[in-house]
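Student: Structure provided below as structure tokens; questions to follow.
The values are calculated or read from the model by the stated rules, or taken from the named source; none is laboratory data. In this text, all values refer to a predicted model and were calculated from it rather than measured experimentally. For neighbour counting, all protein chains shown are included, and Cβ atoms are generated from backbone atoms with ideal geometry for every residue, glycine included. In case anyone asks, the SASA skips ligands and DNA or RNA and just uses the protein heavy atoms, side chains included. Shrake-Rupley method; radii C 1.70, N 1.55, O 1.52, S 1.80 Å.
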Amino acid sequence: MSSVLTILTILPIIGAAVALFAGARARALAMVTSLAALAFALWIWLSIGFSGQMAFVERSAWVPALGIEYHLGADGLGGLMLLLAALVTYMAIDASKRVTARPGLYFALVLLLESGLFGTFTALNFFHWFLFWELSLIPAFFLIKLWGGEKRGPAATQFFVYTMVGSVALLLSFVALYVATGTMDFEELTRLAAWGILPGLIQTHLGPVALWLALGVLLGFAVKVPLMPFHTWLPATYSEAPTAVTMLLTGAMSKMGVYGLLRLALPIFGHEYAQIRTPLLVLAVLTVVAGAWAAAVQKDLKRIFAYSSVNHLGYCLLAIFAVAIPSPGGSDAALNLSQTAALDGVILQMFNHGLTAAAIFWFLTFLEERSGGDLRLDSFGGLRKPAPIFCGLMGIALFSSLGLPGLNGFVSEFLIFRGAFPLAWQAATVAVLGLLITAAVILTVIQRVFLGPLPEKWIAFPDLTRGEQLAVAPVLALMLLLGLAPNLILATVNPAVMHLLAGWRF
Amino acid sequence: MLAYTIYLSFAGALVLAVLPRAGSQFARVFALLVAIAGLAVGLAGFISAGTGGAVAVADLAWIPGMGIHYTLAADGISRVLVLLTGLAAVAGILFSWTVSERTNEFFAFFLALIGGVYGVFLSVDLFLLFVFYEIAIVPKYFLIAIWGSTRREYGAMKLALYSFAGSAMVLIGLLAAYATAGAHTMDLHTLAAYPFPVSFQMWAFPLVFVGFAILAGMWPFHTWAPTGHVAAPTAASMLLAGVVMKLGAYGCLRVAMTLFPHGLDPWGFSLLGIGSWRTVFALFAVIGIVYGAAVALVQNDFKFVIGYSSVSHMGLVLLGLLTLTQIGIDGAVLQMFSHGVLAGLLFAVVGRIVYERTHTRDLNALSKLQLGRAMPFAAAVFVIAGMASMGLPGFSGFVAEIQVLIGAWYAFPWFAVVAGVGIVVGVAYTWRALQRVFFSDLPAVGPGGEDVPVPRYDPITWPEIAGVLLLAGSSLLIGVYPRLLLDVITPAVQALPHLLLTGGRP
């Protein structure tokens, strides 16, 4: 018994409480807290080990009347997400230099959001998992509502209402599951599903509603990731939110949805998703292709990368739904290998996209700082001349997003396609279109912003300061490192994936 | 020991009533001390009884000729509700710190009402229970009629008439039970042990249940609640919604359902698919949940929003009771506590913190006052209370609602889904009020285009902060560690007649 994960989750809450009253020093304090959390998360991730099992497990009775336990644990999936959440929070705090209005509240909310992320990625019982799931929503809403752009009001409301509808669907489904099984523990529910008992229990206690419950759970995550057509809240939210908050939204919060699919949805309802696999794959391909296409027609940099995020997470959805294949019985080595590759790719992609997307939005904060808030694609050009370092470094992040071999993004997308192609070749083939369009989008951005004629007003465009270079350098180095040595992460992810797959039944 | 809650309150009321016009400051400090003493006694009783069964409090022959005893006892349910009453009393006085007109009388009525409520929750003899129940009606009437606002005579009269009509129904049922049993006792446990003929229970149950449910705000007998809440002064609204409505729900459980459990049996025939009083009332409860929330969504008076939300939340209590499952009734009792605390907090924000500074409750008018900036404290409190009230995890409302929903899934699956819709509407109306009042984002410019400065209001006073901390802290504490109450409630619910926990199944 240890309480490492609880301490990690509480740490940002304490930081938030102090930051609330720290006034102008809130940012420094938040920075220290987030660095401590990052170091802590890194240590946890390094100590998880390679067994694929849950480490740092905590269990104690919490609400005995409901048979609910406080149950935490971290495996290669959860631990990696802790690391990502800590990293992105640190980046977002560093990028929030320009927050002058009510800094105490702002940084307190950011830290509270971090705590919600930690809790979501470690909880193994629906009861408190849901607590943290919602806990992350509230600070995000207020960060958008109080510090966002001009149309922040409607954007924040739309964000909240969409996510809330998804949450209620999740809640009702899990209440129904509890009625059928008497437990809300993810591991127990997974076991019931793996033994093939769960559908029978649902049938006896509730009637023929298993598919509806599966859809209810899916809705909760489909909104969060998002899966088209449940994405309509996203562009307005990402572009109206302060850019540093968008880093958190796309870098860490969108992963909550993918994580939920892997930790809750597939293990418990894999069998049901396998039945509706084709329509789900169609939606995933739509998300990949239409997301990329929408990015191509945007005129605003924030919106371009908002839709680009939809596209990148679409690959995760594609692989996840491709994995949900009704097994012909017995263990099929080739099938298993493809499923493992696809899920390895998904988890790696979650981390890589979090890192890359957060970095790109970080560069956008530098850009908007210098342009006075203007982020229209048309208003830039030729920045390579006055600001070569800015363009060079942002170029690395952009090429990582494009999926250039040697950078982190390539490995995960390759693994996803390597796994998904044998499992669902039609979907994977169409989805390749998404790769092409994304490449075109990224190259267009590079061309329009970095190259071409330099407008008069940007002749004195200031390059990145030494401090800014130092701040982003480690993140870019990490991209390069993971591109060259993906095994640093895969070594813990792969056993976790094999362990997960062994407990699933489609 | 718990009996002193009653004596202290009535003695305090008496002192304030007979004292020649002592200063208002004396009256409010004295009333606060009395209420704190009551809370302390309630808390001490709660702690010393632990998770044990009913503790006898007092037992004296009162009217021996009729077999009427002064019998007080407290099981887990009573102890929880006594604690709630103590909290609501202290908070109510803290939020009435500014009452300056006939202060002594105001607090005398207030304490008398509290004394009556304590009495109801502790009575075992039904005659005694009825006496306390009636005692509670009179001060309510005067509090509204003298110190109320909007249409106070109408609101007070309507409330009194509804209450008396309900009591009359209860009285008829109790007298019939007394006569039928012929045991010359009004002791609850003795009467409950008497096997009333099923045909008798079939008409006595709905009579007594509806009699009490009127006060619990059951649709379609709820109309007194919103008008009464709106007309009442803040402290009285807090008590009305916080504890008086609980008297009704408590009576439904303790008297109607305990005495006449067979009244819940199927009729033997079915009309429009409804085959028992249980289904009828559960249907009313569910309609109340959705209807109350839907009406709250279109109100323009801030206080009416909260008034109708009470109808919705009390519907959950009644639904929980009628699930006839351990978990559902547990949830209903917890919801009584939770709603008592949260309704008090919401009315305090609306009636005391906001209204006494802005002198308007109109949402359109409030939306132009930039209250988010002018009153950050009020905004923060309303955000917390609103989140808790919409059932967000981490607060008491979630633990209660999830149990009621689980119970409802067992008993009436469709009603559970409809109640879930009610919860979504609950999110919407809380949201709408929050947006309109505190975060409307209306441009702060006057008709001529000039800047309108952020209005200045009186600073928040210490009684307000203390009251908020007391109520919000209780909700948070129970939300995070529900065992504090559940461990006490569960055994008490287990001790209810077996018939009430089996859902009508043998």
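Student: Set the Förster radius R0 to 22 Å, insert the Cβ-Cβ distance between A:I7 and B:Y481 as r into 1/(1 + (r/R0)^6), and round the FRET efficiency to 0.05.
Tutor: My answer for the efficiency is 0.75.
Student: Only loop residues by DSSP count here, and only those with at most 12 other Cβ atoms within 10 Å; note down the trypsin sites (Lys or Arg not before Pro) in the stretch B:16-124 that meet that.
Tutor: Answer in residue order: B:R21.
Student: Moving to a separate point now. Which value in deg cm²/dmol, rounded to the nearest 500, describes the helix-derived mean residue ellipticity at 222 nm for chain B, given -39,500 (n - 2.57) per DSSP H run of n ≥ 4 and division by the residue count?
Tutor: Calculated at 222 nm, the ellipticity per residue is -22000 deg cm²/dmol.
Student: Using 1/(1 + (r/R0)^6) with R0 = 41 angstrom and r between the beta carbons of B:V138 and B:V298, what's the FRET efficiency to the nearest 0.05?
Tutor: E between B:V138 and B:V298, to the nearest 0.05, is 0.75.
Student: Here's a follow-up. Stretch A:T232-A:A61 to full length: gain in nm at 0.36 nm per residue minus the Cα-Cα span?
Tutor: That pair, A:T232 and A:A61, stretches by 57.5 nm at full extension.
Student: Mind listing, in residue-number order, the residues in the stretch A:62-96 that have at least 30 Å² less accessible area with every protein chain present than in their own chain alone (1.4 Å probe)?
Tutor: Flagged in the stretch A:62-96: A:W62, A:V63, A:P64, A:A65, A:L66.
Student: Please list, ordered by chain and number, the residues whose modelled amide H lies under 5 Å from the amide H of B:W62; skip anything fewer than 5 residues away on the same chain.
Tutor: Residues meeting the criterion, in which the H sits 1.01 Å from N, are B:I68, B:H69, B:Y70.
Student: Relative contact order of chain B, please, whole-number percent, based on alpha carbon pairs below 8 angstrom and at least 6 residues apart.
Tutor: Relative contact order of chain B: 16 percent.
Student: How large is the Rg to Rh ratio of chain A when both quantities use alpha carbon positions and Rh follows Kirkwood?
Tutor: Expressed as Rg/Rh, it is 0.96.
Student: Just tell me which aspartates and glutamates come within less than 12 Å, Cα to Cα, of A:K385; anything on the same chain fewer than 8 places away is out.
Tutor: Excluding near neighbours in sequence, the set is A:D463.
Student: Which residues of the stretch B:387-402 end up with at least 50 Å² less accessible area in the presence of all protein chains than when their chain stands alone, using a 1.4 Å probe?
Tutor: B:L392, B:P393, B:F398, B:I402
Student: Ok, one more. Rounded, prolate or oblate, given the Cα gyration tensor of the protein assembly as shown, with a/c below 1.5 counting as rounded?
Tutor: prolate
Student: A further question on this structure: For B:W62 and B:H498 in the same chain, what is the full-extension length gain: residue separation times 0.36 nm, less their Cα-Cα distance, in nm?
Tutor: 153.9 nm
Student: In addition: With point charges of +1 on the Cβ of Lys and Arg and -1 on the Cβ of Asp and Glu, referenced to the Cα centre of the stretch B:91-238, which listed residue (B:V138, B:H184, B:H222) lies farthest in the positive direction of the dipole?
Tutor: B:H222
Student: Exactly which GluC sites (Glu not before Pro) in the stretch A:336-421 are in a DSSP loop and have at most 10 other Cβ atoms within 10 Å?
Tutor: Here no GluC sites (Glu not before Pro) fit, given the DSSP loop and packing criteria.
Student: In addition: Could you give me D for the stretch B:57-204, from Stokes-Einstein at 37 °C and 0.692 mPa s, where the hydrodynamic radius is the Kirkwood radius over C-alpha pairs? Units µm² s⁻¹, please.
Tutor: D, rounded to a whole number, is 191 µm²/s.
Student: Treating only the Cβ atoms of Lys and Arg (+1) and Asp and Glu (-1) as charged, compute the dipole magnitude of chain A about its Cα centre; round to the nearest 20 debye.
Tutor: The dipole of chain A has a size of about 920 debye.
Student: Continuing with the same structure: What does the C-alpha gyration tensor say about the overall shape of the stretch A:354-431? Classify as rounded when a/c is under 1.5, otherwise prolate if a/b is larger than b/c, or oblate.
Tutor: Taking the square roots of the gyration eigenvalues as a ≥ b ≥ c, the stretch A:354-431 is prolate.
Student: Then there's this: Roll a 1.4 Å probe over the protein chains and send me the accessible area per residue for the protein assembly as shown in Å².
Tutor: I get 33 Å² per residue for the protein assembly as shown.
Student: Next question. Taking the Cα-to-Cβ direction at A:W195 and at A:Q426 and moving 7 Å from each Cα, how far apart do the two end points lie in nm?
Tutor: 3.8
Student: With an 8 Å Cα cut-off and a minimum separation of 6 or more residues, compute the relative contact order for the stretch A:275-325 in percent.
Tutor: Taking the mean separation of contacting Cα pairs over the length of the stretch A:275-325, I get 47 percent.
Student: If I take every Cα pair under 8 Å that is 6 or more residues apart in chain A, average their sequence separation and divide by the length, what percent do I get for the relative contact order?
Tutor: So the answer I get is 16 percent.
Student: Using a loss threshold of 20 Å², tell me which positions in the stretch A:127-151 are less accessible in the complex than in their chain alone. Probe radius 1.4 Å, ligands and nucleic acids ignored.
Tutor: Residues shielded by partner chains are A:F127, A:F130, A:L131, A:E134, A:I138, A:F141, A:F142, A:K145, A:L146.
Student: Okay, next question. At what distance in angstrom do the alpha carbon centres of the stretch A:373-420 and the stretch B:101-158 lie from each other?
Tutor: Taking the Cα centre of each part, the stretch A:373-420 and the stretch B:101-158 sit 70 Å apart.
Student: Separate question: What total accessible area, in Å², is buried where chains A and B meet, using a 1.4 Å probe and rounding to the nearest 100?
Tutor: 2800
Student: Also, I was wondering about something else. If you take the square roots of the eigenvalues of the alpha-carbon gyration tensor of the stretch B:279-383 and sort them as a ≥ b ≥ c, do you get rounded (a/c under 1.5), prolate (a/b over b/c) or oblate?
Tutor: Taking the square roots of the gyration eigenvalues as a ≥ b ≥ c, the stretch B:279-383 is prolate.
Student: Right, another one. Summarise the accessible area of the protein assembly as shown (1.4 Å probe, protein heavy atoms) by the percent that is carbon and sulfur.
Tutor: Exposed carbon and sulfur together represent 69 percent of the surface.
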